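Data first, discussion second: the structure below is written as structure tokens.
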Amino acid sequence: MFWAVLQPLTLVILYWFVFTYMFTRGPSGGQDNYIDFLIAGLLPWLGINEGIIRSTTAIVENASMVRRLAFRSELLVVVPNASALIFESIGLLLFAIILGLRGAPPRLIWILPLALVLQFAVQVGIGWFLAASYVFFRDLLPVLGFLLSVIFYLSPILYPVSARFENIFVWNPMTPLLGLFRSAMLSAALPAAGSLVFLVAVAAGVAVGGLLFFRRAQPTLADLI
């Protein structure tokens, strides 16, 4: 419990220090606004990143449990994603407390459960696909690290989406997902209805598709690990 509070609290303090005192120039909206914008997007990304990476090796690292016929091995992917979501939720709670102490409490905090559910559906679906694929392709992990880095910089985490590229970023599910988190934490405007429908469709498709792919590969996993 101590570590569950210490880890996200340390990250929030670290980001606040770096972007307050180390980066002296901020956007036109003000340095404090940018720090809030950054943390509201960065905390969900950390949860997604941790959940996906830990999911990828979940089957190989728990080979003895996978070989038990009565054990539902897809749960091995659910656990690290649920754990990552718990740590993320604690970080968001601490962030909300800090915002409240500064006189800007989250007024749309009721949106947060929806954002977390959609995030969990996306990352656990990806986790099922990667966990099964990693059994067949052990070089997947370094490739995944590279792809996550690319997605990080092509998602509106460090910056807001420019109107010039809005038609491109709208096809990135991270855009409406991070928009939901920023609406919940910073009382920002909700993403457009069309982008939310797109996000729900992607979350449902990825979750169902990942589970079906995992169950299709499941009979051969025990033989290969």
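None of the figures in this text is laboratory data; all of them are computed from the coordinates on show. Small disclaimer: the values here were computed from a predicted structure and weren't measured. Neighbour counts run over all protein chains shown; Cβ positions are idealised from the backbone, glycine included.
Could you tell me how far the Cα centroid of the stretch 118-173 sits from the Cα centroid of the stretch 59-100, in Å?
18 Å
In nm, what is the difference between 0.36 nm times the number of residues separating Arg102 and Arg72 and their Cα-Cα distance?
6.2 nm
Sum -39500 (n - 2.57) across every DSSP H segment of at least 4 residues in the chain, then divide by the residue count to get the 222 nm mean residue ellipticity, nearest 500.
-24500 deg cm²/dmol
Starting from the 7 Å offset along Cα-to-Cβ, what nm value, one decimal, do you get for the label separation of Ile168 and Phe136?
3.2 nm
Express in nm, to one decimal, how much length is gained between Ala189 and Leu114 on full extension, taking 0.36 nm for each residue of separation and deducting their alpha carbon distance.
The span from Ala189 to Leu114 would gain 25.5 nm if fully extended.
In square nanometres and to one decimal, what's the mean projected area of the convex hull around the Cα atoms of the chain?
13.6 nm²
Residues with beta-carbon under 12 Å from that of Phe129, excluding Phe129: net charge, scoring Lys, Arg +1 and Asp, Glu -1? It would help to have the intermediate numbers written out before the result.
Values: positive: Arg215, Arg216; negative: Glu74.
After counting each charged neighbour, the total is +1.
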